[in-house]
Amino acid sequence: MTMFELEFMQRALIAGLLTGLSAPAIGTYLVQRRLSLMGDGIGHIAITGVALGLLTGTAPVLTAVLVAIAGATAIELVRARGKASGDVALALLFYGGIAGGVLLIGLAGQGAATLNTYLFGSLTTVSPSDLYVVVGLAVAVLVVAIGLGPQLFAVCQDEEFARVTGLRVQLLNLLIAVMAAVTVTVAMRTVGLLLVSALMVVPVATAQQFTRSFRSTFLTACALGVTACLAGIITSYNANVAPGATIVVLALAGFVVAAIAGTLVRRRRGVLAPLPDEEPEIGVPVPAPHVVSSAHQHAHDPKCGHPAVEHGDHVDYVHDGHLHAAHGDHWDEH
Amino acid sequence: MTPPNTAEPAVQVADLSVDLGGRLVLRGVDLQIRRGEVVAVLGTNGSGKSTLIRTIVGLLPAARGEVNLFGTPVRRFRQWNRIGYVPQRITAAGGVPATVAEVVSSGLLSKRRLFRPLKTAERAAVDEALEIVDMAGQRKDGVAELSGGQQQRVLIARALVSDPELLILDEPTAGVDLASQGIFAGAIRERVARGTTVVMVSHDLGPMDALIDRSIVLRRGRIVYDGAPHASQTHAHVHPHGSIQDEPGWLS
Ligand SMILES: Nc1ncnc2c1ncn2[C@@H]1O[C@H](COP(=O)(O)OP(=O)(O)OP(=O)(O)O)[C@@H](O)[C@H]1O
Ligand SMILES: [Mg+2]
Ligand SMILES: [Zn+2]
Ligand SMILES: [Zn+2]
Ligand SMILES: [Zn+2]
Ligand SMILES: [Zn+2]
């Protein structure tokens with residue numbers, strides 16, 4: 001029996017495929033906003049969610065998604081306030097999340113082994129009902145990440161400009177935070193809560209070695225994420241180690257290779273195609289001999305009564321049979 | 001949309017005070033900009049020009065007074081497709097590469113519905129806006145790899161792409177070379193001829209100079225001059241008959 005016939009492996013691979021797509025998709029927006037570590041913070045907070053699920057006997061995926069969304073909303077609100085104390089508030093939230101989670105899991109009578117499956121992923125623990133939740137959440141994240149792409153791009157690129165185009169910036173920011181929280185939960189069984197952020201950020205960094213546009217970065221990062229996830233899961237099965245570790249190690253190896261190749265490619269491109277001459281000489285007006293109108297007593301403007309004539313890139317005023325043009329603090333004869 | 005009431009000024013600012021970090025950065029500013037006017041906002045660094053602009057577009061709250069855009073208080077204003085804005089900026093780049101065309105097309109979002117791809121007409125508008133700032137050949141280049149002046153030209157194109165009725169520009173041509181400033185001034189002139197209103201902050205109007213109908217000078221958060229353009233600028237010495245403070249428009 002090959003590993004692809006094992007039902008738990010099929011489930012793990014489906015979960016891996018969706019994780020590989022959604023983590024870099026939302027990660028691209030986080031990196032663009034320079035919030036690369038947000039996924040890490042949410043991952044810490046989600047540990048408490050998992051613990052609550054184990055303690056109360058509800059599905060940890062559900063409690064984790066709820067706690068992660070609550071945590072992500074809190075992070076976003078603190079960030080939007082932009083207060084200096086916000087930094088400390090975030091640290092409290094992160095460490096509170098991880099410490100609370102470990103404490104509650106202990107209280108629930110579960111050992112380190114259970115905790116590890118959530119922290120670093122586990123192939124055998126994706127239950128069929130988990131899979132439905134994961135598929136539903138991942139599809140929702142992807143629909144939003146792609147469908148609202150232009151709006152999310154604008155908000156992440158230049159928040160002030162986005163506000164002046166009438167986008168609901170606060171709502172979109174919150175949406176990004178919630179999507180990040182959902183993605184953390186989706187990725188929990190595959191890469192685990194401690195490594196999920198790597199899968200959000202590393203494929204984006206790798207893609208950037210070769211891409212110029214946001215769109216191609218997004219698509220390349222998703223392709224890299226899927227590749228790392230599927231290859232990592234297969235490696236993890238064969239080597240019998242936690243899939244989170246193999247996935248992230250593969251993603252990082254990809255980054256190293258891309259960074260070296262990217263440097264070489266750029267160097268070669270630079271040698272083959274030196275910068276084109278910036279200013280093509282055609283179309284640039286030849287500087288005219290500079291004649292200053294002596295003792296000019298009058299400041300021309302469009303309403304001064306002297307006829308205005310366009311002259312290349314500026315306006316001349318007809319004045320006593322001369323053409324006068326503004327130049328800095330004086331008037332030129334043209 | 002109902003035809004706009006042309007009597008409404010494009011911008012109306014009444015008794016505006018703005019508080020930043022506990023300090024009154026604008027104090028009792030009154031300003032009315034009629035449709036079709038081209039107004040330069042001048043003043044030294046830190047005099048409050050950007051604060052005024054950012055309050056007009058609703059990015060900063062007013063501590064006192066109010067701002068109306070086309071007759072609607074800015075808090076309730078929703079027709080953002082009528083406004084084109086160029087923020088005062090050092091860079092157009094984010095944490096992920098983006099092309100010139102991608103950045104410019106975000107200027108169309110005020111007209112775009114959610115979950116809709118870019119239409120052909122919108123693509124053409126992006127190309128046209130890039131043509132205006134003389135960047136059409138670089139539409140596929142990454143913005144992070146452009147020079148500062150080229151990035152500034154991308155931001156100008158982003159504001160022009162939706163063909164707005166009111167252009168609010170905070171030092172749009174800072175770092176832009178003279179040839180491109182001339183092209184930009186030409187584009188603005190053509191829009192002004194069609195009735196576009198322009199409010200522009202600048203330290204060096206360059207080729208835009210001839211287009212200005214009126215200038216406003218800010219000093220420590222107050223308007224100290226509001227009147228004809230030339231008397232307020234360095235051209236003052238072409239009026240040898242007196243000190244610039246005697247010109248009509250200087251407010252005490
Ligand atoms: N976030 C802030 N908190 C407190 N004070 C601020 C803040 N932003 C600006 N200021 C102050 O407000 C004043 C006006 O700033 P503003 O940016 O409007 O100046 P400006 O006229 O645009 O100058 P520049 O020519 O340099 O662009 C400055 O003195 C500045 O110190
Ligand atoms: Mg400014
Ligand atoms: Zn004249
Ligand atoms: Zn003259
Ligand atoms: Zn001269
Ligand atoms: Zn001339």
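Bear in mind these aren't lab numbers, they're just calculated from the coordinates by the rules spelled out. Predicted model, so just to flag it, every value in this text is computed and none were measured. All Cβ positions, even for glycine, are placed from backbone atoms using ideal geometry, and neighbour counts span all protein chains on display.
At A:ARG266 and A:ILE14, where each label point lies 7 Å from the Cα along Cα→Cβ, what is the point-to-point distance in nanometres?
About 4.2 nm separates the two model spin labels.
Kindly express, to the nearest 10 degrees and within the range 0 to 90, the angle between helix A:214-239's C-alpha long axis and the longest C-alpha principal axis of chain A.
Once rounded, one gets 20 degrees.
I'd like the orientation of helix B:148-160 relative to chain B: the angle between its Cα long axis and the longest Cα principal axis, in ° from 0 to 90, rounded to 10.
That helix lies at roughly 90 degrees to the long axis.
Run the simple label-point estimate for A:ALA112 and A:ASN240 please: 7 Å along Cα→C-beta, distance reported in nm.
Once both label points are built, they end up 2.0 nm from each other.
Among the trypsin sites (Lys or Arg not before Pro) in segment B:128-189, which ones are in a DSSP loop with at most 11 other Cβ atoms within 10 Å of the Cβ? Mind listing them?
Answer in residue order: B:LYS140.
Using a Gaussian network for chain B with springs between C-alpha atoms less than 10 Å apart, which of these wobbles most: B:ARG191, B:ARG113, B:ARG220?
The residue that fluctuates most here is B:ARG113.
Of B:VAL96, B:VAL11, A:ALA198, whose Cα points farthest to the positive end of the dipole of the protein assembly as shown (charges on the beta-carbon: +1 Lys, Arg; -1 Asp, Glu; origin at the Cα centre)?
A:ALA198
As an exercise, identify the trypsin sites (Lys or Arg not before Pro) in segment A:43-90 lying in DSSP coil whose Cβ has no more than 14 other Cβ atoms within 10 Å.
Passing sites in segment A:43-90 are A:LYS83.
Report the charge-dipole magnitude of segment B:11-235 in Debye, nearest 20, computed about the Cα centre from +1 at each Lys and Arg Cβ and -1 at each Asp and Glu Cβ.
Dipole about the Cα centre, nearest 20: 900 debye.
Report the one residue of A:PHE153, A:ILE75, A:LEU264 whose Cα lies farthest in the direction of the positive end of the charge dipole of segment A:3-272 (charges on C-beta: Lys and Arg +1, Asp and Glu -1; origin at the Cα centre).
Checked the options; the winner is A:LEU264.
Using amide H atoms built 1.01 Å from N in the peptide plane, name the residues 5+ places from B:LEU20, or on other chains, whose amide H lies under 5 Å from its own.
B:VAL25
Out of A:LEU66, A:VAL241, A:THR227, whose Cα points farthest toward the positive end of the dipole of chain A (charges: +1 Lys, Arg; -1 Asp, Glu; placed on Cβ)?
Looking along the dipole axis, the top candidate is A:VAL241.
If exposed means no more than 14 neighbouring beta carbons inside 10 Å and the site is in a DSSP loop, what's the longest run of chain A without any exposed GluC sites (Glu not before Pro)?
A:1-277
Would you mind ranking A:CYS229, A:CYS222 by Cβ crowding within 10 Å, fewest neighbours first?
A:CYS222, A:CYS229
Calculate the spin-label point distance for A:VAL257 paired with B:GLU66, positioning each point 7 Å from the Cα along the beta-carbon direction, and give it in nanometres.
Calculated label separation equals 6.4 nm.
Using the alpha-carbon atoms, what tilt in degrees (0 to 90, nearest 10) does helix A:196-207 show relative to the longest principal axis of chain A?
Once rounded, one gets 40 degrees.
Does a label point 7 Å from the Cα of B:ALA193, set along Cα-to-beta-carbon, have any residues of segment B:209-229 with amide nitrogen under 20 Å, and which are they?
Zone members listed by number: B:209-214.
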